[in-house]
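Read the figures in this text as sums done on the coordinates, not as results from a lab. Remember, it's a predicted structure, so these values are computed and weren't measured experimentally. Neighbour counts are summed over all protein chains in view; Cβ atoms, including those assigned to glycine, are modelled from backbone coordinates with ideal geometry.
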Amino acid sequence: MFNGAISALITPFRDGMVDETALRDLVEWEIQSGIDGLVPCGSTGESATLTHAEHERVIKLVIEQTRRRVPVIAGTGSNSTAEAIRLTTFAREAGADAALLLSPYYNKPTQDGIYRHYKMIAASVDFPLIVYNIPGRTASNILPETFVRMSDIKQVVGIKESSGSLDQCSDIVRLCGERLTLLSGDDSLTLPLMSIGAKGVVSVATNIVPREMHEMAAAALAGDFETARTLHFRLLPLMRALFQETNPIPIKQACAFMRKCSNEMRMPLTPMSQGPADRLYAAMKDLRLV
C-alpha cells in the first residue's frame, strides 16, 4: 500500500498563517502529476512550529483535498509519547491512512525506550504506523536490531530511513525481510536503496518534480533499473541543490521560484542564502522548471 514516490509536503504560509489555498493547489497538482502518497506535517512541513490547531487543520485539509485518491500518511511524531498518541488518534479519526512518527528527539531514549515508545502508541491506537529514523534531527539512531523487535508489532508496517547508511539499510532488509516496508528518507539515495529492497521514498523533491520522482520509483519497482538510473542522474543535481541548507529552506525557495507559494517560513528558519539560491535556480532551469 505504501510504496513509490510519497511526497513530504511543505506547509505554505502567507502573512504568518497557513496558506490553505496554496496547500490545496499543491496537493491537487501532485496528485494529477502521479504522486503515490502524501505526508502532511513532517519535517518538511515545518511541524515543529505549527500550533496544535494548525497541525490538525493541515492534516484534515490534505485528507479532504485528496479524497482517497492516494494514501495520506499524517506526521504525528513527538518526543512525548502521550502527545504522539494524541496526534495519531486525531489522524486516524480524521481519515488518514497511516501515521509517520519520528523517533523521540532531544530526550535521547535508549533502544529499549525507543521500542517501548512505538509499542505504547501501537497499543493505544490501532492504526498503521511508519517509523521515521532521522538521527541528524533526533540525536539517536534506531538500530536494525530494534527494527527487528518492532517488526513483531502488528501496527508497525514500515520505516522511513534517513540515517544515510546503505549498510544499515542493508541490515534492516536482511533482518526484517518483507515484515516491514523500507522507504528511503533521502531523495538522492532512493535508487540505491530500492536496489537492495526499498519500496520507494518519502521525498522532498516531489514538491516540485512529482512526476519525475514517481516515474523513477515506478521504474525501479518494475525492475527497469536502466530507466530508473537515467532519471536518477538527471535529477541528482536538483536533489543536491535542495539540501544545500537545512530542509525545508531550499524546497520552500524552489516552490516560490515556481510561484506555488510564498517563500515564507517560521523562525528560527530563515530565507535561503543568495549563493545557494542561485545554484538552486540554475539546477531548476536545467530541468526547465523555471
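See the values below:
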item: Unit charges on C-beta of K, R, D, E only; dipole of the range 20-113, Debye; result: 180 debye
item: Counting DSSP beta bridges with both ends in the chain, the antiparallel % (nearest 5); result: 5 percent
item: Cα convex hull of the range 108-169 - mean projected area over all directions, nm²; result: 4.0 nm²
item: Relative contact order (percent, whole number), the range 139-290, Cα cutoff 8 Å, 6+ residue spacing; result: 15 percent
item: Linear extension gain, residue 229 paired with residue 286, 0.36 nm per residue minus alpha-carbon span; result: 18.7 nm
item: Over the range 4-222, relative contact order from alpha-carbon pairs under 8 Å, at least 6 apart, %; result: 21 percent
item: Charge dipole magnitude, Cβ of K and R +1, D and E -1 - the chain, Cα centre, debye nearest 20; result: 80 debye
item: Cα centroid of the range 38-117 to Cα centroid of the range 171-227, whole Å; result: 22 Å
item: Area projected by the alpha carbon convex hull of the range 1-104, averaged over all directions, nm²; result: 6.1 nm²
item: Neighbour net charge for residue 77 - beta-carbon separation under 14 angstrom, K R +1, D E -1; result: +1
item: Cα lying deepest toward the dipole's positive end in the range 4-222, options 138, 88, 22, charges on Cβ; result: 88
item: Formal net charge of residues neighbouring residue 264 (Cβ-Cβ distance under 15 Å; K, R +1; D, E -1); result: 0
item: Sequence-separation-based contact order of the range 9-108, relative, with Cα cut under 8 Å and 6+ spacing, percent; result: 27 percent
item: Estimated FRET transfer efficiency when R0 is 35 angstrom, pair residue 82-residue 166 (beta carbons, to 0.05); result: 0.50
item: At 1.002 mPa s and 20 °C, Stokes diffusion of the chain via Kirkwood alpha-carbon radius, µm² per second; result: 114 µm²/s
item: Helical contribution to [θ] at 222 nm, DSSP H n ≥ 4, -39,500 (n - 2.57), averaged over the chain, rounded to 500; result: -14000 deg cm²/dmol
